[in-house]
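The values are calculated or read from the model by the stated rules, or taken from the named source; none is laboratory data. Computed from a prediction, not measured in an experiment: that's the story for all the values here. As a convention, Cβ positions derive from the backbone with ideal geometry for all residues, glycine included, and neighbour counts pool all protein chains shown.
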Amino acid sequence: MNSSTKRYGTAVLAGVALAAFTTHASAQARAMGGSTAVSTGMAGGAGAMAGQGTLSVNPAVNPLLGGSLLNSGLGYGGGYGGYGGYYYNLDTVGGVIRGGADAIRAQGNFLIQNQQSMILRETARQARIDTRRRNFDEYLYERERTSTPAQERQRDRREQILRSMNDPPATEILSGKALNDLLGAILDANNKNSQTAAVAINPDLMESINTTSLRTGTNNTGLLKARGKFTWPEALTDLAPADETAEQRKQVDSLYQEALQQARNGKVDGNLLRELSGLITRLDDKLTRSVGDVTFGSYSDAKRFLHNLDDAVAVLRQPDAGDFLPGGKSAVRAGSVQELVKSMADRGLRFAPAINGDEKAYAALHRGLVAYYNSLTQTATQTAER
């Protein structure tokens, strides 16, 4: 609200109060027989109060208070020898004046409260802006200190490599997990630094190391190296009925050797492989039914053997199954860890779980991979410090 509007409002309120005062005074003068001059003067509003009316006609009328002295409470009373002094009753006129003052005061309070509300509204707006700024700062703080998915994967991989290097559980070595973790770490380190001393391994060691590839999927080729000479787990030699189980084992040995011979010469007969798979399934069913009659360790060994045997049959179904036999094209040959890593990387191979009798070979290869990886990382560190 601008200053001219405020002045206009104040003037209107003052005029309303003055008009009410003049009207009331004129009405009292007419009712009590006051002079016409006084009535006329009071009806003239501000002019009468300025002296335009003639107040001397009847001194009993006060033009500022309205009405006659006889009825409005203004007149001669006691005191001073019978003439008495003036006394004033200001209740009516004072109420009008106070009402006008209250209206002006209310207008002022309204203006003050309006400005106060504007200040509060601005304070609230600034508080919202400050809250938004704090929220944004908190978001930046959390984002800066929160790892990205890529960083989480890298951290998990580093932790897995450290776990696979520093005395991992034997089960992780025999399953091939620890070996594959180290293989991946060595391949990454080779890309940064390939100049390091080779770590020798026994070439015969690879005959007991099993691998998988994209061609074999997750199938383990370990039993293909057994040349059909199985060492049956104890739980599979004691299955009841004993005679029937013994006959089934003999059939598996015979069919498996025949399948290996056909794989060396070309493709394996499908009917032979189906019959072999059926025998494996029947032995597995018997083992499952006798789970309460054998120890947990014996049961686990027998289950693992049958699973590896089933994987070998799956590999023999492939046209190039002979390449995975000892001496085949896919056989890995290496005299050092460096040669082994390169050969497996070129062929897309990964380590497969060990079979019975491979435990020592897997432990020795694990030690060789750890030594080679440490050599790579130390050489990279020394090169960076130069």
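Assorted remarks:
- The requirement of being within 23 Å of residue 225 (Cβ to Cβ), small (Gly, Ala, Ser), touching a strand residue (DSSP E or B) at 6+ places or on another chain (Cβ under 6 Å) and surrounded by fewer than 17 Cβ atoms within 10 Å (Cβ to Cβ) is satisfied by residue 336.
- Test: residue in the stretch 300-313 that is over 21 Å from residue 332 (Cα atoms) and β-branched (Val, Ile, Thr): no
- Sole residue being free of Cβ contacts under 8 Å to residues at least 60 places away in the same chain and surrounded by 16 or more Cβ atoms within 10 Å (Cβ to Cβ), chosen from 283, 325, 260: 283
- Qualifying position, being among the aliphatic types (A, V, I, L, M), more than 41 Å from the chain's Cα centre (by Cα) and farther than 30 Å from residue 168 by Cβ, among 273, 287, 309: 273
- Residue within the stretch 133-153 that is of a type in the set (Asp, Glu) and in contact (Cβ under 8 Å) with a residue 24 or more places away in the chain present: no
- Odd one out for residue 360, checked against (1) at pLDDT 90 or above; (2) surrounded by 15 or more Cβ atoms within 10 Å (Cβ to Cβ); (3) under 30 Å from residue 234 (Cβ atoms): (2)
- For the stretch 200-232, filtering for residues that are surrounded by fewer than 21 Cβ atoms within 10 Å (Cβ to Cβ), assigned to a loop (DSSP other than H, G, I, E, B) and at pLDDT 80 or above leaves 3.
- Complete set of residues in the stretch 333-359 that are assigned to a loop (DSSP other than H, G, I, E, B) and touching a Leu at 6+ places or on another chain (Cβ under 7 Å): 334, 348, 353, 354, 355
- Long-range neighbours under 6 Å by Cβ, at least six apart or interchain, first residue assigned to a loop (DSSP other than H, G, I, E, B) within the stretch 156-170, second of a type in the set (A, V, I, L, M, F, W, C): 168/178
- Every test in (1) more than 22 Å from residue 210 (Cα to Cα); (2) without any contact (Cβ under 8 Å) to a residue 60 or more places away in the chain; (3) assigned to a helix (DSSP H, G or I) is passed by residue 273 save one, and that test is (1).
- For the stretch 188-199, taking the residues that are assigned to a helix (DSSP H, G or I) and either at pLDDT below 85 or within 15 Å of residue 165 (Cα to Cα) (or both), the one that is nearest to the chain's Cα centre (by Cα) is identified as 189.
- Among the residues of the stretch 296-322, the one identified as polar (S, T, N, Q) and free of Cβ contacts under 8 Å to residues at least 24 places away in the same chain is 300.
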